[in-house]
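J.: Before I ask anything, let me first share the structure, which is written out below as structure tokens.
What follows draws every value from the coordinates through simple rules; no lab data is involved. Everything quoted here is computed from the prediction, not taken from an experiment. No Cβ is skipped: glycine too gets one built from the backbone with ideal geometry, and neighbour counts run over all protein chains shown.
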Amino acid sequence: MAITMLYPDSRSEQLDIEAGVFGGDVTLINPRKSSFDAVDLNAWQSCDGIVVARIPMDKGVVPQLKKCRIIVRNGVGYDNVDLKLCGEAGIAVCNVPDYGTTEVADTAIAMMLAFARGTAIYDAALRQDPTANWTHTHNVTARRLRGATYGVIGMGRIGTASALRARAFGMNVVFYDPQLSIGAELSFGFTRAAKLEDLLKVADVITIHAPLTPDTRGMINADAVSKMKPGVFLISTARGPICDTAALLEGLKSNRILAVGLDVLPSEPATLADPLVKAWQANEPWIRGRVLLGPHSGFYSPDGLTDLRTKAAQTACLYLKDNKLINFVNAEFLKNPRP
């Protein structure tokens, strides 16, 4: 059976890894565009499956998918895919939940350590003047981590990996995750917060590992910031719209928040329209050393990228060739799958 797979916005110039997974009886289309309109309409209409990164799979796209049986979100989150609309069209939606876990967890810990131990700010100061800046005083966010409380929002695979790393530093772990089954905290040996507010008021470091949902969008807003323990580090490697960056900026100005580390932003790529980005780039003395930004790259390592590409292709291949669904995220909406 001939199969056509569409990779509309792949970052990879060649789909060599994917070709190895699918085999020779699959045609791979790889336009590497950034929008629906930039991809030939026939590619959308004729494909049997899609592996998508950033292009929204919404009402502007789904009606054009005449043959598509499966959409695989090339990552963990799938907030750019309309699960209900796809299900009603008979299209299964899957994700890749088991790649990049260690890389993203390591990124959160790396940001925490950069603030606590001053590695980034010391390097920047010494580059400017290695003699005059030979001093510890540039690290305005230094703190002892042993005995501090590490607050995790979202205790999934990445959140758990992050928490285990923090515990190795002698930190106490508290987490908030209303989706996690009752009693799961007993197997971890962590403390569960019944409400977000309970975590905010005790955590010295808050790290966000939650998916973007209607409940988490804007979760970290001005009200949440007002409830945080003064002097907190706030770190997010999850999804940008979970945090209101204007609220984070005000938290920094008031010193409620000591440091902010973001690998994700509400609008990507970063622009100076974001007040936090603008203040960070201006790098005035009051904010210097207190903000770290990343280009949504926490997932990346050569090994992690290979895992992502391989697992996404395997997920699509299993369904299209063997009718087996794994990492299936729209089961509640898929009543009549396309044959």
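J.: Between Asp79 and Asn255, what is the label-point separation in nm under the 7 Å Cα-to-beta-carbon projection?
T.: Result: 3.3 nm between the two label points.
J.: Ranked from highest to lowest mean number of other Cβ atoms within 10 Å per residue, what is the order of the peptides 158-164, 314-320?
T.: Packing order, densest peptide first, comes out as 158-164, 314-320.
J.: Quick one: the Cα spread of segment 101-293 along its three principal axes, in angstroms, biggest first?
T.: Result for segment 101-293: principal-axis Cα extents of 55, 36, 28 Å.
J.: Run down the aspartates and glutamates and flag those whose C-alpha is under 18 Å from the C-alpha of Lys67, throwing out any fewer than 8 positions away in its chain.
T.: Partners within reach: Asp25, Asp40, Asp48, Asp58, Asp82, Glu88, Asp322.
J.: Tell me the label-point distance for the pair Asn283, Leu126, using the 7 Å Cα-to-Cβ offset, in nm and rounded to one decimal.
T.: Taking the simple label geometry, Asn283 and Leu126 are separated by 1.7 nm.
J.: Which order do the peptides 258-264, 114-120, 292-298, 280-286 take when ranked by the mean count of other beta-carbon atoms within 10 Å per residue, highest first?
T.: Final packing ranking: 258-264, 114-120, 292-298, 280-286.
J.: Assuming R0 = 56 Å, what is the FRET efficiency of Glu13 and Ile182, from their Cβ-Cβ distance, to the nearest 0.05?
T.: Once the sixth-power term is evaluated, E becomes 0.75.
J.: OK, next. For Val173, list long-range residues whose amide hydrogen, built 1.01 Å from N in the peptide plane, is under 5 Å from its own amide hydrogen.
T.: For Val173, the qualifying residues are Tyr150, Thr191.
J.: Given Ala222, Ser34, Leu83, which one lies farthest toward the positive end of the charge dipole of the chain, if we put +1 on the Cβ of every Lys and Arg and -1 on the Cβ of every Asp and Glu?
T.: Ala222
J.: Jot down the per residue volume, in cubic angstrom and as a whole number, of the convex hull over the alpha-carbon atoms of segment 82-199.
T.: 168
J.: More than 38 angstrom separation, counting every C-alpha pair in the chain; what % is that?
T.: Summing the P(r) tail past 38 Å for the chain gives 23 percent.
J.: Quick one: of Lys84/Lys311; Lys229/Lys278; Lys33/Lys335; Lys201/Lys253; Lys227/Lys253; Lys59/Lys321, which pairs are farther than 21 Å apart, Cα to Cα?
T.: In this structure, Lys84/Lys311; Lys229/Lys278; Lys33/Lys335; Lys59/Lys321 lie more than 21 Å apart at Cα.
J.: Towards the positive end of the charge dipole of segment 101-293, with charges on Cβ (+1 Lys, Arg; -1 Asp, Glu), say which of Val260, Thr131, Ile235 has the farthest Cα.
T.: Highest projection toward the positive end goes to Thr131.
J.: Under the rule of at least 5 residues apart or a separate chain, name every residue whose amide H is placed under 5 Å from the amide H of Ile235.
T.: Under 5 Å from the amide H of Ile235: Ile206, Thr207, Ile208, Gly261.
J.: Out of the DSSP beta bridges found with both residues in the chain, what percent are antiparallel (nearest 5)?
T.: The antiparallel proportion sits near 5 percent.
J.: Please label the shape of segment 147-233 as rounded, prolate or oblate, based on the square roots a ≥ b ≥ c of the eigenvalues of the alpha-carbon gyration tensor (a/c under 1.5 means rounded; beyond that, a/b larger than b/c means prolate, else oblate).
T.: oblate
J.: Let me ask something else about it. Roughly how large, in nm² to one decimal, is the mean projection of the convex hull of the alpha-carbon atoms in segment 1-49?
T.: So the mean shadow area of the Cα hull is 3.3 nm².
J.: Placing +1 on the Cβ of each Lys and Arg and -1 on the Cβ of each Asp and Glu in the chain, which of Ala53, Thr119, Leu305 has its Cα farthest towards the positive end of the resulting dipole?
T.: Towards the positive end, the residue furthest out is Thr119.
J.: Compute the length gained on full extension between Asp37 and Asp303: take 0.36 nm times their separation in residues and subtract their Cα-Cα distance, giving the result in nm to one decimal.
T.: Gain on stretching Asp37 to Asp303: 92.5 nm.
J.: Under unit Cβ charges (Lys, Arg +1; Asp, Glu -1), what dipole magnitude, rounded to 20 debye, does the chain have relative to its Cα centre?
T.: Computed charge dipole of the chain: roughly 620 debye.
J.: Let me ask something else. Within the chain, what's the longest stretch lacking GluC sites (Glu not before Pro) that sit in DSSP loops with no more than 12 other Cβ atoms inside 10 Å?
T.: Looking at the chain, 14-331 is the longest stretch - no exposed GluC sites (Glu not before Pro) with at most 12 other Cβ atoms within 10 Å.
J.: Please list 304-311, 228-235, 22-29 highest first by mean number of surrounding beta-carbon atoms within 10 Å per residue.
T.: Those peptides, ordered most packed to least, come out 228-235, 304-311, 22-29.
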